[in-house]
Structure formats: structure tokens, C-alpha cells
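The next block holds one structure in the form of C-alpha cells; read it before the comments.
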Amino acid sequence: MEKKPGLSWYDCTDMARAIIVHGDYIEESFQKMRMQGNDEKDEDKMLQEWIKKDYIVFARTTPAQSKFFVCVCVCVFCFCLCFVFVFLFCVCVCVFVLCFCFVFVFVFVFVFVFVFVFVFVFVFVFVFVFVFVFLFVFVFLFLFI
């Protein structure tokens with residue numbers, strides 16, 4: 001406000017990183033919003049915009065205003081907390097899906113190897129028995145006939 005004297009307090013708060021909010025400004029802001037036909041949700045949005053600043057000081061506020069600030073801060077915190085829980089839930093689902101895929105691939109490979117080994121052993125035994133029987137019959141027939 002010192003550098004640009006033509007700006008109102010409200011314009012300065014929009015541009016500043018740090019603000020000091022006097023209790024009278026809060027009442028004045030609420031009255032302006034009510035005169036414009038806005039409801040209480042818009043008052044919450046105004047306070048949420050103030051809370052987003054890097055530094056904020058509430059000066060000379062009434063107990064009702066202090067309670068209102070606490071409620072708005074709790075709502076913002078709950079929203080952030082819900083976002084964190086949703087994010088963690090999505091991470092858990094992704095980990096579960098990856099583990100399921102890993103297990104599925106492991107089981108598939110295990111079954112494939114097991115079937116391959118079983119078939120290989122079966123074919124080997126079958127060929128061995130077939131050759132043995134064939135040789136036995138051939139030798140038997142050759143020797144005794």
C-alpha cells in the first residue's frame with residue numbers, strides 16, 4: 001500500500017505474500033459479500049484465499065471470528081487429509097495390482113515349466129520304453145526265430 005497508494009486493502013491482499021487481517025476488515029468483507037448477495041460459502045472461500053498466503057496474522061478479532069477461522073482451517077486440513085488418503089489408497093491399489101500380476105506371472109511360469117518338464121519326462125520315458133520294448137522284441141525275435 002505504501003508503494004501504490006491507489007490500491008485498496010483488498011487489492012493489496014491479493015498481491016501480497018504476507019498479510020495482516022484486522023477484525024474490522026473481516027466484518028467489512030463479510031458485509032460487502034452479503035450486500036453483493038453472496039452466501040456463507042463465499043465467506044469461507046474468502047478466508048481460504050487468505051489462509052493460502054505464506055504468512056498471515058489475524059489481529060483484534062472477536063472470539064466468534066477466531067472460531068470461524070479455526071473451522072475454515074480444519075475444513076482445509078480435512079480436505080488435504082482426504083486427498084492424502086485417496087492418494088495412498090490409489091498407491092495401495094497399484095501395489096496390489098502389481099503384486100497380483102507378479103504372482104500371476106510367477107504361477108504361469110511355474111505351471112509352464114512344470115508342464116514342460118512333465119511332458120519332456122513323459123516323452124523321454126515313452127521313447128525310452130518304446131525303444132526298449134522294440135529292441136527287446138527285435139532281439140527276442142531275432143534270436144529265437
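For the range 34-72, a residue qualifies if it is open to solvent by less than 90 Å² (accessible area, probe 1.4 Å) and over 23 Å from Arg17 (Cα atoms), and the qualifying residues are Gly37, Asn38, Asp39, Thr62, Ala64. Scanning the range 1-30 for residues that are more than 39 Å from the chain's Cα centre (by Cα) and open to solvent by less than 100 Å² (accessible area, probe 1.4 Å) yields Gly6, Leu7, Ser8, Glu28. For the range 1-27, the set of residues classified as in a helix (DSSP H, G or I) and closer than 20 Å to Pro63 by Cα consists of Gly23, Asp24, Tyr25, Ile26, Glu27, listed by residue number.
Which one of Phe126, Phe120, Phe134 is surrounded by 10 or more Cβ atoms within 10 Å (Cβ to Cβ) and under 56 Å from the mean Cα position of the chain (by Cα)?
Phe120
Of the residues making up the range 42-91, those that are of a type in the set (Ser, Thr, Tyr) and within 12 Å of Ile26 (Cα to Cα) are Thr61, Thr62, Ser66. Condition check for Thr13 on (1) of a type in the set (Val, Ile, Thr); (2) modelled with pLDDT of 80 or more; (3) touching a strand residue (DSSP E or B) at 6+ places or on another chain (Cβ under 9 Å): one failure, at (2).
The values are calculated or read from the model by the stated rules, or taken from the named source; none is laboratory data. These numbers were taken from a predicted model, which means no experiment stands behind them. Using ideal geometry, Cβ is built from the backbone for each residue, glycine included, and neighbour counts are taken over all protein chains shown. These accessible areas exclude ligands, DNA and RNA; they are computed on the full protein's heavy atoms, side chains included. Shrake-Rupley method; radii C 1.70, N 1.55, O 1.52, S 1.80 Å.
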